[in-house]
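The values are calculated or read from the model by the stated rules, or taken from the named source; none is laboratory data. Keep in mind it's a predicted model, so treat the numbers as computed, not measured. Please note: Cβ atoms are built from the backbone with ideal geometry, for glycine as well, and neighbour counts cover all protein chains shown.
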């Protein structure tokens, strides 16, 4: 057991590590004592993975520890255990929710239990191959459809813990095969499954343990956690959030629908003014119900502002998703017509956005910084003349030294800067449709001003070629026409009447054609830095 798990459970009053026989495990699940909380992911193992686990047990290999949370408080919603609906537990008895080991426990129960009927008709039984050669590497257990079973060779191991079924299954075996299968059965009867149980009524502690257990694997689903704990049955907030997802998609931010944790942060921000995990976990269904109209208006209002005022036409192009949360609190309202902001308020919000981007404000300490900005947003909403307290301004990345990669925050910042300059493609003069380009989020729409192939002939390193200072919008056809031409050549192919204008939109200059690449990259980096200062109103 990893040291951090031992420390965690000791801190939260965990019991010592114990062991369960497979029979005991089956009986406890079948009695309703062991249950699956709604915040667990679904059972996803396939039949071959299950057979591999069974083979590991047969070979007496360790299969990991199953972790239980024992509590007197039943959750509002629970999940099936794989394909099985679990019976209600005995009244006035604590229940044990599975925090870790769900896939293993479900597999073991599904293979060996004979009392419950699976709801999934696609379940495939596991068989022991009586003719398999026993060695540490190869498996002796297989998931077989009924049509694949050779009863003279394949033994149904689901009978191992059912005396009557086992007697019937072994009745037709030769003495040698019967002795073989008796030995196999004995190994499963003797096997002990390690388990750890801790008791607490504090759900924040449960959330911390669950998150730590799953940190290297499945991410904690706070949305399901809240649905299971806090949201009452008379108003299904999950359905409400599904409706909100449709509205978010209609506003062009489809990818935000997958960011439920970000939406929950917004809920906490609107209701409490803070976004820390504890604040999220303390949210109650009634709080969200009573203010859901505000939450929805806040998110949709923030999206519309980002699109209209800042050119963020798609969620993928938002450099830091955390920006959305404080902005949503400004637009949170019960008014049907939303928030009608003044020009002064618009200027403050725009300034705040660009400063947040260039200072990389939401790259770390997000909860604390969101709480601070939420307070400022509320003051600005109440008073358009509020002197917004901005953090000290500094562009936290170097346009010259940073490589372009469309998925990174700094590259998204560059793209938004250029898009706000209403760019045209150099040769054709085609106006760049930033909405389409940014929504696609494809690097094929962004090209090198000093072409890659040209710079490669000069021996320039790839990391220098892909500098942010060398990237602009070009149509693919213009890029194909330029190919490996130097700016000294293809700048002359631009229409003379519009050349200076189009170059300026891309923060270039006609004089760049005669510069070395090193000088050009430095010049353009300085121009980009100056534009960042102007956008952030930090002059």
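Suppose the filter is outside the structural domain of residue 253 (by TED's automatic domain parsing) and at pLDDT below 95; does residue 439 pass it? So residue 439 passes the test.
Please work out if residue 20 is surrounded by 15 or more Cβ atoms within 10 Å (Cβ to Cβ) and touching a helix residue (DSSP H, G or I) at 6+ places or on another chain (Cβ under 6 Å). No: the conditions fail for residue 20.
Taking the listed residues 346, 289, the one that is farther than 18 Å from residue 379 by Cα, over 20 Å from the mean Cα position of the chain (by Cα) and surrounded by fewer than 20 Cβ atoms within 10 Å (Cβ to Cβ) is 289, with no other qualifying. Within segment 426-436, restricting attention to residues that are surrounded by fewer than 21 Cβ atoms within 10 Å (Cβ to Cβ) and either in a helix (DSSP H, G or I) or touching a strand residue (DSSP E or B) at 6+ places or on another chain (Cβ under 7 Å) (or both), the residue that is modelled with the lowest pLDDT is 435. Only one of the listed residues (55, 42, 72) is at pLDDT 90 or above and in contact with a strand residue (DSSP E or B) (Cβ under 9 Å, 6 or more places away or on another chain). That residue is 55.
Scanning segment 54-83 for residues that are within 19 Å of residue 107 (Cβ to Cβ) and over 28 Å from the mean Cα position of the chain (by Cα) yields 54, 55, 56, 57, 58, 59, 60, 61, 62.
Filtering 248, 181 for residues that are modelled with pLDDT of 90 or more, in the same structural domain as residue 328 (by TED's automatic domain parsing) and surrounded by 19 or more Cβ atoms within 10 Å (Cβ to Cβ) leaves a single hit, 248.
Residue by residue through segment 295-324, note down the ones that are in a helix (DSSP H, G or I), surrounded by fewer than 19 Cβ atoms within 10 Å (Cβ to Cβ) and modelled with pLDDT of 90 or more. Hits for segment 295-324 are 304, 307, 308, 309, 321. Only one residue in 256, 262 is in a helix (DSSP H, G or I), modelled with pLDDT of 85 or more, surrounded by fewer than 19 Cβ atoms within 10 Å (Cβ to Cβ) and in the same structural domain as residue 334 (by TED's automatic domain parsing), so which one is that? Residue meeting the stated conditions: 262.
Each residue in segment 353-409 was checked for being touching a residue at least 12 places away in the same chain (Cβ under 8 Å) and either touching a strand residue (DSSP E or B) at 6+ places or on another chain (Cβ under 8 Å) or on the phi > 0 side of the Ramachandran plot (or both), and 8 pass. Considering segment 448-539, the qualifying helices (runs of 4 or more DSSP H), each wholly inside and each with 2 or more residues that are under 22 Å from residue 422 (Cβ atoms) and in contact with a strand residue (DSSP E or B) (Cβ under 7 Å, 6 or more places away or on another chain), run over 499-505.
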